[in-house]
Each structure stands twice: as C-alpha cells, then as structure tokens.
Amino acid sequence: MRKNLVGLGFSAIALAIISACGGGGGAGGSTDSAPQTRTLSVPVVLSDASSAEDWATIGAKVLALTLNKSDGTTVSVNLGTALPLAVNFVQLDQIGELFQNLQLTPGDVYTGSTLTLSGNPGDISLIVSADPGAGFPLAAGTVVPPSNIQIQGASGTTGSKTITVNTTFEKPFTVPSTAGSAINLDIDLSHPAFIVEHIPQAGGNPIWAVNFRNGPVKRKTVDDVTAQVLRHLYGAVTSVSTDNSSLTLDRQMPTMPVVTPETAVDTHLPVNVLADTVNKTLFYDLDAKKNSQIADFSSVSGALAAGKFVRVAARYQQNGTLVATRIWASSTFNNVWLSPEGHILHVNKASNQIVVADENGKPVTMAIDANTQFFFRAPANALADVTPIGSGTAFLQANNLARGFKVHAQVVDPLATPMVASTIDIETAAFQGAIGSVTNNGFIYTNTFNTAGDNYAQNMAFVDPTTANGKDSSGNAITGFKYWDFAYPTLVTSGASAITNFTTTTATPVSFGNKSFSAQGVSYALWGNKANTNGWAAPWVVMKPLQLPRATVSTAFASPANQFKIGIPSGNANVTVNVNTSSGSATLAYQVDKASGVVTLTQQDLTSANGLAALTSGLAAGAQVTVSGVPQTDGSIRAYVLTYYTGDQPK
C-alpha cells in the first residue's frame, strides 16, 4: 500500500505570532494614530493550510509554546487555563485560530520556538475522512485506535509523556519598531514523514507513525496581518463597552472529540471585538431568528447579555484591533456551534446540494436554495469581506464551488433533512492537481478523486499583472503572478518572466515509460480579480512535491553523483532521482525501521559522512523507497523527501 500524502502542506499548521499591524481593510471603530509605545501587541494565531483528502481529524493536545530569544531567554505564549488545548489541524486550512495577544519589545531578536504537545496514547487522534482517496487502507469515518498510532519522539513517564518540538528559524526574527511583521510556525501536514503508514506483511490494520519532529515544523513569513483569514472564533460575552462600540468575550473552544450537544471549553482568555462602523457588521440572533446590520452594539444589547454565546467572523485592522464582519449569537453554545464547518466533499449540481466533511469524518449534506448567500473571506478589503459574491443556485450551477474548498456555513434549521444553507463562508478556495495547458493567460488544474463526480479540470487565470502579491525574501513588493518550489519557499519566481519560466518548469513529466506523472501544484484562488471579475484567479502556484508510488531501487545510490534510479510496478522504465547533500537545502531522508511491532523513524543528516553512509546502505538495489519531489526539465525528479525501509518490510 502507499504511504499516504495527508494533504497540502506549503503552509500546513502555522502557529502564527502575528505583529498587530500591516495592511489596510477600511474602518472598523478605531483609529491608527495612537502614539508609539515600547512594546507591540502581537496576536497569537494557530493556522494550517491543509486540504486533507484522507483525514477528517488530525488532532493533538497543545501544552505550551515558547519563543526563544537570541540572548537565551524565552517568552511564553499564554494558551489559557484549559490545558491541554485540543486542536484539529485539518480544520485550520490557511486560516488562523486566534488565541492571545503578546507584548513584544522592538529590537528583540527571536531565533526559534519550542512547541510542547502531549504524547500519551490517545493524545494524537486520527479520523478518516468521509471519502478518502482510492487505495487508502481504512474505511471512511474510521477512528484509528490509539494502539495503532505510534507517536515518535515522546518522552517522560507513563501518563505524562510529552513531545518537544524545537524549531530554529532559518532567518532570525527581529521585532520591528512599527508593527506589521509575523512569526509563523508551519506544521506541514503533507510532509511525507509526518504520518507514515506501515502495513504488516501478514496483513491486518496499518500502524501509523506520527512524527512532529525533524521536518514538519518550520517558520513561514506572513507579509500582511490584515490579509490573515481568521477561523470563526467562539466566545462567551462578558461585557459591551459603555459607548457600544466594542464587545469583550471569554474565548471558548469546542469540546474535542465532539459531543452531542456540543459544549464549550473556557480558555479564560479575553478577546475584544469592534463593530464595523463603516461597512456594518452583519448580526444574526439565532434565538429570535432575526438578522440585522449594525454599526454598534446598542440595538442588539439584549442578545449580547453577559453569558450569551457568540460565533464571530472577524478581521484584523491595520492597528491590530479585531473588527467583526459577522456575529451569530445564542443563549446556548450548541446553537452557535451547530454550523457545518469543513472541506467540501461533493458538489451536486443535479440536486443543488453540497456535502461537507465534518471533523468526525461524517458527510453533512446541505441544500442550496434561492436565498443562500455566498461570502468569500477577504479581510484585507473590509467591504468585500461583508459583501456576498453570489447567491442562490445559480452560483453553484456556474461551477464556482469545488471539492477541497474550506467552508463554514449557517443553516436555516439544523433539524431539517437536508439542512438548507442560509450563508456559506468560503474561507479558502483551494485548487490543486496536475498542471497543464499553460498559456500567457492561465493554465488548467486537473484533479481526480475517489468519487469520479468530484473530478475537475479547472481553468485558472493568472491574476492581473498589477495585483499586489506580497513581498520577496528581500522585502520588495511583488505584483502579478508568482510561483515557488514547496521545498524552497524563499526562492520566489516573479516579475515579467514568471509566466514564461512557469511554462518551462511544468512542461516535462516524470515518466516511467507507460506511466507518467505531471508537475503538481496548488493555489488558493482569489475571487473577482481584474483577470477574472466574476470567477477565480490564481495569485500564485506552489510547486507541490510529487508523491510517487512506493518504488524499488533499480540502480543503487552512489556519490559524488548523488543519484539513484527507481522503478514502479506499473512502469516499464526507470527514473533518475537527484539527492541534494548541501547544507541548508539537503534532501530530507528518513529511515523507517520496524522491529517487534514497533515503527521508528530516524532522520539521516545527508550533510554528514555518517548520514550519507546510512543512505548509501539503505538505497541498495532492490530496496523499497518512497520519493517525494519536484519534476525537473530533464525528466528526473529532485528529491525533497526520501523514505526508505529497514527491518520488517511493509506490505
């Protein structure tokens, strides 16, 4: 069986410590003219960019997070009193889970971080999605027993085991004198060594080795905090300001695993949210079944009495304050929580329905009617963030929805069958797959799924050349389309030649003779760009590592060429694999050993003589290996990750 590629990972789980500033978005109840103080308010956000096909839940329990300063001291992030903090990484698809604001001193230098997770059996949870990919070894909705999950790197006494994940930043982070930067920790869910499947030769249930260390966690830059899409946050109202401009909440987290009815876990972390005085906040009173647009909280004070529960779609302002774009309120937590959230599994045009995968691995069907409103989260543009991009069945029929979109819906009646969606927030619009038919104007993503009706060949326009599109590694502004190799996120190709270079980069597949694999990419699309005013456009493409089937080494690895050849059962030709041994860009190599039922992952340092010797021994002719990498113009593949097997071989 194959080793599963969990999902997208160019930004996978990001613990973003985001400096509270940077980027516009319109007014929202405060000004940006406050005098400069000695410290900066820094929101702490947990986010991910996974488009997980096979998993509904990849859950972990977070115990602590600290930032490491260059002088050897640390700064702790307050995660609240409800520890360990249970998090389902799959739901955080390129969106942020807000926790707390830090105060950091300008000029301080941070060189790394330490993330501590609970590492006892049952602390890492895996639930299979409602429609996993073809060949996945477990049935839809399967809850993987703790006995079949082997947590790598856990230490401590029984019942108190922890996983310590130390990350050294590739480039130190210096707190600026004015806010507008970020520290972003990526826990890459699609990293080939993050979740490794090992099926016994004698058959039976697979063992899943889960590895947070030595690869999956890294830092990622955030250019503009106001463009950060936040996950809907839950809270219990503590007060409304005397001028009715702001709402103070105690941050609540849903109970995990989910219970029925769902209950809240109080973190005792206060969050302050402003009403949007210019574009208006959309307010939904779920108890009174009344909707309104508000510029302050005076008209809805009864629905926001202390102790009431709310769900808030919010955005950052330039000065780092939070502004509510939409608020749902009720006297019971279950009412505000009972709103389907997850990735779109199916789009059924014939019945005007969509199916969303919830975090229990169950499909949730929602009907689209004439009154359904669709929103696309665009926090950098305050007006766009509160304005529907479409409504009714016509939006669905125009192929504007696709499998893999991360959505959060509100339904008219949660007891109806099927439920009817009143609003759908498209939080991220992910398109991915094989790249083809590249022209000066765009390209086609071709993607196939276990359910054939979900397949798509999506025409993607390149964004207009004048579109602001972040910054390069030197801090220079980028306009127009850009792309980069997943393994080298700082080496961005942009500018006038970007499309020409992209065409060349994606032209040559990896060919095993009668079986070939085209270059793969992923984009999080924008709605309404000048290049496609009534549809989706690609601001960028991440060249996603191509996950080849488990292969057999046909020509052994040898240095100094640092190459070997592989073949696959369905092919009749071999492919050259290039291995990088240079410091800072070396291929990630993992030895997967199974002995006496225990699976152990060991990373080999290919910049060292010992690591290279271990790889040479492990990649002898006939050895099994899994290769993840990017196709090259000569038909070879540049390995990002190699996983080779010793001891008991997998089936």
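The values are calculated or read from the model by the stated rules, or taken from the named source; none is laboratory data. Since the model is a prediction, treat every value here as computed from it, not as a measurement. Note: ideal-geometry Cβ built from the backbone for every residue, glycine included; neighbour counts use all protein chains shown.
At a glance:
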| read-out | value |
| --- | --- |
| Qualifying position, being outside any helix (DSSP H, G or I), on the phi < 0 side of the Ramachandran plot, surrounded by fewer than 19 Cβ atoms within 10 Å (Cβ to Cβ) and at pLDDT 95 or above, among 350, 329 | 350 |
| Residue identified as without any contact (Cβ under 8 Å) to a residue 12 or more places away in the chain and either under 24 Å from residue 131 (Cβ atoms) or of a type outside the set (Lys, Arg) (or both) among 302, 342 | 302 |
| Counted residues, the range 87-124 - those being at pLDDT 90 or above, farther than 20 Å from residue 155 by Cβ and part of a strand (DSSP E or B) | 3 |
| Given (1) buried (at least 18 other Cβ atoms within 10 Å of the Cβ); (2) in contact with a Leu (Cβ under 8 Å, 6 or more places away or on another chain); (3) not hydrophobic (A, V, I, L, M, F, W, C), number of the condition residue 414 does not satisfy | (1) |
| Pairs with Cβ under 9 Å, 6+ apart, first in the range 305-319 and of a type in the set (Val, Ile, Thr), second part of a loop (DSSP other than H, G, I, E, B) | 312/232 |
| Check on residue 451, in contact (Cβ under 8 Å) with a residue 60 or more places away in the chain and over 15 Å from residue 540 (Cα atoms) | yes |
| Pairs, first closer than 15 Å to residue 147 by Cβ in the range 590-606, second among the charged types (D, E, K, R), C-beta under 8 Å, six or more apart | 599/593 |
| Unique residue being out of contact with any Lys or Arg (no Cβ under 8 Å at 6 or more places or on another chain), part of a strand (DSSP E or B) and assigned by TED's automatic domain parsing to the domain that holds residue 194 when the list is 79, 63 | 63 |
| Residue 194 crowded, with 22+ Cβ neighbours inside 10 Å, touching a Leu at 6+ places or on another chain (Cβ under 7 Å) and in contact (Cβ under 8 Å) with a residue 24 or more places away in the chain | no |
| Of all residues in the range 303-326 being modelled with pLDDT of 95 or more and not in a strand (DSSP E or B), the one that is nearest to the chain's Cα centre (by Cα) | 308 |
| Every residue from the range 271-281 that is assigned to a strand (DSSP E or B) and surrounded by 21 or more Cβ atoms within 10 Å (Cβ to Cβ) | 271, 273, 274, 281 |
| Filter pass, residue 82 being in contact with a Pro (Cβ under 9 Å, 6 or more places away or on another chain), closer than 18 Å to residue 234 by Cβ and among the aliphatic types (A, V, I, L, M) | no |
| Conditions (1) closer than 25 Å to residue 460 by Cβ; (2) more than 21 Å from the chain's Cα centre (by Cα): number failed by residue 378 | (2) |
| Residues that are buried (at least 24 other Cβ atoms within 10 Å of the Cβ) and more than 20 Å from residue 300 (Cβ to Cβ), drawn from the range 316-326 | 316, 317 |
| In the range 355-380, the residues that are over 28 Å from residue 262 (Cβ atoms) and buried (at least 19 other Cβ atoms within 10 Å of the Cβ) | 378, 380 |
| Which listed residue, of 117, 138, is within 22 Å of the chain's Cα centre (by Cα) and not assigned by TED's automatic domain parsing to the domain that holds residue 257 | 117 |
| Listing of strands (runs of 3 or more DSSP E) fully contained in the range 199-270 that carry 3 or more residues being at pLDDT 90 or above | 207-210, 233-240, 246-254 |
